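Worksheet: one structure, shown below.
Each reported figure results from applying straightforward, stated rules to the coordinates on display, with no laboratory input. Since the model is a prediction, treat every value here as computed from it, not as a measurement. Here the Cβ positions follow ideal geometry from the backbone for every residue, glycine too, while neighbour counts run over all protein chains shown.
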Amino acid sequence: MVVVAIVMAKTDSLMFITNRPDKTFVRGEGSWLYDSEGRAYLDFIQGWAVNSLGHCSPVMRDALASQASIVINVSPAYYNEPMRRLADLLARLSGLERVFFANSGAEANEGAIKLVRKWGSVKRGGAYEIVVFEDAFHGRTLATMSASGKPQWKDLYEPKVPGFIRVPREDLGAVRRAIGPKTGAVMLEPIQGESGVVPFSDSFLRDLRKLTEELGVLLVLDQIQTGIGRTGRMFSFEHSGIRPDIMTLGKGIGGGVPLAALVAREEVSLFEVGDQGGTFNGNPLMTAVGYAVVKEISQPAFLARIEENGDYLAMQLRALSQELGLGEVRGKGLLLAMDLGRDVASKVAENALEAGLLVNAPRPATLRFMPALNVTRDEIDQMLKILRQAIQSTG
Ligand SMILES: *Cc1c(COP(=O)(O)O)cnc(C)c1O
């Protein structure tokens, strides 16, 4: 075995944005990550529900290598082949006809907000307002932060972008009252991810679809965390049998490379020359990888396995919760959360890290599980073993 010496510079040059554990990850394979000391970690975060095929999947490596030897970048002013191929695939899978590629989820949502405003100016007398929900998370650009309902951001970076009307979750009456002549759309995550995996009910989503149709406004679904197989269906709106006018994709669509998409019905795709664009948008290297990832995940057998493993993980988490007297287990497919009943989630995540497991604590009393979509039963069992100890050692 060849041992590669990696000279680890103690990095003080990064701008401070968050506290990170004093570890540096140097290698990944499937559900496993390795740090610079050679320790292995079972990864149930996977880049925040991003590495849908796990670390360094051969599918992605092949797509990257072969596209890198064909062409890496053209220019957003010209077509490239992978961009067209991936757009066709997404259109076919979603039943929405038009695709614009972006580099991050926030940028895709920013594009969705612009498209709503464009549609409103052309089709609805200058309507520009968007009804959004409490605890929503739509990204970190100024407009998407303004659309988000994260309580900690309330007073940050004022003044916010105007035009977002916030209503409580699952409250159809409040949505109806918030919609007026200036309203262009209602925008939501079918399962609120960052706020702790909190799903909207299928019946609410169906009623909301009916209401937006009745009142003539658009329905925008942020499927950045819940799209591309994460919930066991290609897009989570399939669970409720509805279809949005606009949806955004990100995270898992690139399997770990920066790629996102704004997808919309033909009739609302009203951008004119110069209205929307970006230097890297539709970059062939990224879209070639996205194509390989989406094609792999969209196979019925692959999706069925996500559902099976998701059900298994949920069942085991429920059993653990019952045994240790914890709280609710929520979510769909391989996007799950467990309430701990006490504000020990960060402590559990810390204990787990020390024991070789990466797990996320989105709220003080909630853990979130977002493993690779091809995680195995055995890896789930190993995770549960470490998790049990990490919870028990909080006392
Ligand atoms: C992660 C996320 C975003 C933002 O995506 P970025 O790629 O971080 O900009 C937006 N919406 C939802 C639902 C997300 O989970």
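Calculated [222 nm] ellipticity per residue, helices only, for the chain: -11000 deg cm²/dmol; basis is -39500 (n - 2.57) per DSSP H run with n ≥ 4, divided by all residues, nearest 500. With respect to the chain, whose longest principal axis is taken over its alpha-carbon atoms, helix 202-215 is tilted by about 20°. Arranged from fewest to most other beta-carbon atoms within 10 Å of their beta carbon, Thr24, Thr183 become Thr24, Thr183. For the chain, the longest principal axis of the alpha carbon atoms and the long axis of helix 81-94 meet at an angle near 80°. Considering only Met145, Met286, Met315, the mean-square fluctuation computed in a Gaussian network model of the chain, springs between alpha carbons under 10 angstrom, is largest for Met315. Quick one: work out the % antiparallel among DSSP beta bridges in the chain, nearest 5. Around 65 percent of the beta bridges assigned by DSSP in the chain are antiparallel ones.
Let me check I've understood the local charge: for Ala292, count other residues with C-beta under 12 angstrom from its C-beta, Lys and Arg +1, Asp and Glu -1. What total comes out?
Working: positive: Arg61, Arg85, Lys295; negative: Asp62, Glu296.
Counting the neighbours of Ala292, the net charge comes to +1.
The residue among Leu384, Ser298, Val116 whose Cα reaches farthest toward the positive pole of the charge dipole of the chain, with charges on the beta-carbon of Lys, Arg, Asp and Glu, is Val116.
Of the cross-linked pairs Lys23/Lys150; Lys114/Lys182; Lys150/Lys210; Lys154/Lys347, which ones have a Cα-Cα span greater than 24 Å in the structure shown? Don't skip to the end; give the middle numbers.
Details: Lys23/Lys150 29 Å; Lys114/Lys182 15 Å; Lys150/Lys210 27 Å; Lys154/Lys347 26 Å.
In this structure, Lys23/Lys150; Lys150/Lys210; Lys154/Lys347 exceed 24 Å between Cα atoms.
Neighbour counts of other C-beta atoms within 10 Å: give me His55, His239 arranged from fewest to most. List each step's numbers first, then the result.
On the way: His55 21, His239 18.
Fewest to most other Cβ atoms nearby, the residues stand as His239, His55.
Taking the square root of 5 times each eigenvalue of the Cα gyration tensor, what semi-axes in Å does the equivalent ellipsoid of the range 235-338 have, largest first? All intermediate terms of the calculation are to be shown ahead of the outcome.
Numbers: eigenvalues 238, 55, 37 Å².
The equivalent ellipsoid of the range 235-338 has semi-axes of 34, 17, 14 Å.
Under the criterion of Cα pairs below 8 Å and six or more residues apart, the relative contact order for the range 301-384 equals 28 percent. Listed peptides 240-248, 198-206 appear in the order 240-248, 198-206 once ranked by packing, highest mean of other Cβ atoms within 10 Å at the front.
Using a Gaussian network model of the chain in which every pair of alpha carbons under 10 angstrom is joined by a spring, one finds that among Glu97, Glu272, Glu81 the greatest mean-square fluctuation is at Glu272. Within the listed set Arg377, Arg233, Arg166, the Gaussian network model of the chain (springs between alpha-carbon atoms below 10 Å) gives the highest mean-square fluctuation for Arg377.
Considering all alpha-carbon pairs of the range 59-297, what whole percent are spaced by more than 33 angstrom?
On the way: 4214 of 28441 pairs.
Within the range 59-297, distances greater than 33 Å cover 15 percent of Cα pairs.
Could you grab the relative contact order for the chain? Cα pairs under 8 Å, six or more apart, rounded to a whole percent.
Working: 785 pairs, mean separation 86.5, N = 395.
Relative contact order here is 22 percent.
This ranking places Tyr128, Tyr312 by how few other beta-carbon atoms lie within 10 Å of each, fewest first, which gives Tyr312, Tyr128.
Per the Kirkwood treatment, what hydrodynamic radius in Å, one decimal, follows for the range 64-203 from the mean inverse distance over all distinct Cα pairs?
Details: mean 1/r = 0.0582 Å⁻¹.
Value: 17.2 Å, from the Cα pair sum.
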